[in-house]
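Bear in mind that the values in this text are calculations on the coordinates, not laboratory data. Here the structure is a predicted model, which means the values were calculated and not measured. Please note: Cβ atoms are built from the backbone with ideal geometry, for glycine as well, and neighbour counts cover all protein chains shown.
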Amino acid sequence: MGGTLIVEDLHSSVEGKEILRGVNLTVKPGEFHVVMGPNGSGKSTLALTIAGHPKYEVTGGRIVFKGRDVTKMPPHERAKLGIFLAFQQPHEVEGVRIMEFLQQVLAELKGMDGAEAYDLIIRTAKDMWFREEDLYRPINVGFSGGERKRLELLQAVLIKPDLLILDEPDSGVDVDSMSLISRKIEQLNEEGTSVILITHYGRILKHLEPEDIKVHVMKDGRIVMTRGGEFIDEIERRGFQDIFKDCCGGD
Ligand SMILES: Nc1ncnc2c1ncn2[C@@H]1O[C@H](COP(=O)(O)OP(=O)(O)O)[C@@H](O)[C@H]1O
Ligand SMILES: [Mg+2]
């Protein structure tokens, strides 16, 4: 369990356009990091580049996890190493039922056999408000935003990754689901999972102590500020444009 993530002077491009322009970030085992920043500042790109999404080309710097340079490693191998990314817009996968999919994931990442995985999935899903018949629906097809987010979290809870990256798990989610989701994220973290949480709403973190959180703010493809959890309230109060006056001349 555990393992440090080191992101070093990371540059990443999409379709020839440079989006990340030198990101530095170190996440030690069990740490809780929050990434905030205006729309378009590169938060999702950072998450997807760490996870190894093929669309994002690393043009400089490197990503090290558990002492291994994973910069060029395919996404499924990064997942095997313990990196899990819950996507901002989970895809619809036609023809694959949730149960089969989760069983496959648990076989691949945890070496679990079908029956063992089945029991675990049924138990965990119930705890996260899924009815058994939901598990026989095709993945994400006809799911509401909140259901998709819960399904992502269900995956994370089943896998218990060493590093969990969440891209706006709070978007499009009702208050009840949001509180379930934040409780599950906090639980995973208490059990040792390192977390990188991209969010616009610091209030998703109800039960974490501010001193246990590191807050990063991104601007134009870089992390320009890093502070403790108390920074979240200040950001919500002042807004990014005002905050940027403290670091970057306010442009
Ligand atoms: N597939 C893409 N093709 C072209 N530009 C993209 C693509 N994905 C992201 N971008 C651009 O990269 C920048 C950063 O996007 P993103 O990482 O999604 O920001 P954030 O998540 O902080 O809102 C934006 O200017 C966005 O338009
Ligand atoms: Mg985004």
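Would you mind checking the pairs LYS80/LYS126; LYS160/LYS245; LYS17/LYS160; LYS17/LYS149 and listing those with alpha carbons more than 32 angstrom apart?
Table pairs above 32 Å Cα-Cα are LYS160/LYS245; LYS17/LYS160.
What are the ³J(HN,Hα) couplings of the range 52-60, residue after residue, when phi is run through the Karplus curve with 6.51, -1.76, 1.60 and θ = phi - 60°? Round to Hz, x for glycine and proline.
x, 4, x, 6, 9, 9, 7, 10, x
Which trypsin sites (Lys or Arg not before Pro) does the range 1-68 hold that lie in a coil by DSSP with at most 13 other beta carbons within 10 Å?
For trypsin sites (Lys or Arg not before Pro) across the range 1-68 that sit outside H, G, I, E and B with at most 13 neighbouring Cβ atoms in 10 Å, the list reads LYS55.
Could you give me the ³J(HN,Hα) list for the range 180-186, computed from phi with Karplus coefficients 6.51, -1.76, 1.60 and θ = phi - 60°, whole Hz, x at Gly and Pro?
4, 4, 5, 5, 5, 4, 5
In whole percent, what relative contact order does the range 98-251 give with Cα contacts below 8 Å and a gap of six or more residues?
15
Can you work out the FRET efficiency for the pair ASP9 and LYS206, with r the C-beta to C-beta distance and R0 = 25 Å, to the nearest 0.05? Kindly include the intermediate steps, with their values, before the conclusion.
Values: r = 35 Å, r/R0 = 1.39.
Step by step, r from the Cβ atoms, then E = 0.10.
Within the chain, what's the longest run with no GluC sites (Glu not before Pro) in a DSSP loop and at most 16 other beta-carbon atoms within 10 Å? Give the range, please.
95-190
Using a ≥ b ≥ c from the Cα gyration tensor of the range 117-188 (square roots of the eigenvalues), is it rounded, prolate or oblate, where a/c under 1.5 gives rounded and otherwise the larger of a/b and b/c decides, a/b for prolate?
oblate
Can you give the extra length, in nm with one decimal, that the chain gains between HIS76 and ALA107 once fully stretched, where that is 0.36 nm per residue apart less the Cα-Cα distance? Kindly include the intermediate steps, with their values, before the conclusion.
Details: separation 31, 0.36 × 31 = 11.16 nm, distance 1.30 nm.
Between HIS76 and ALA107, full extension yields 9.9 nm more.
Hey, what number do you get for the chain at 222 nm if only DSSP H runs of n ≥ 4 count, each worth -39500 (n - 2.57), divided across all residues, to the nearest 500? Mind showing how you got there, number by number?
Numbers: 9 runs with 90 residues, N = 251.
So the calculated ellipticity at 222 nm is -10500 deg cm²/dmol.
What residues have an amide H closer than 5 Å to that of LEU85, excluding those fewer than 5 places away on the same chain, when H is modeled at 1.01 Å from N in the peptide plane?
ILE165
Please list 3J(HN,Hα) in residue order for the range 202-211, calculated via the Karplus relation 6.51 cos²θ - 1.76 cosθ + 1.60 where θ = phi - 60°; whole Hz, with x for glycine and proline.
x, 5, 5, 8, 8, 9, 8, 6, x, 6
Would you pull out the residues with amide H under 5 Å of VAL34's amide H, same chain only if 5 or more places away, H placed 1.01 Å from N?
Under 5 Å from the amide H of VAL34 lie the amide H atoms of LEU197, LYS214, VAL215, HIS216, each far enough along the sequence or on another chain.
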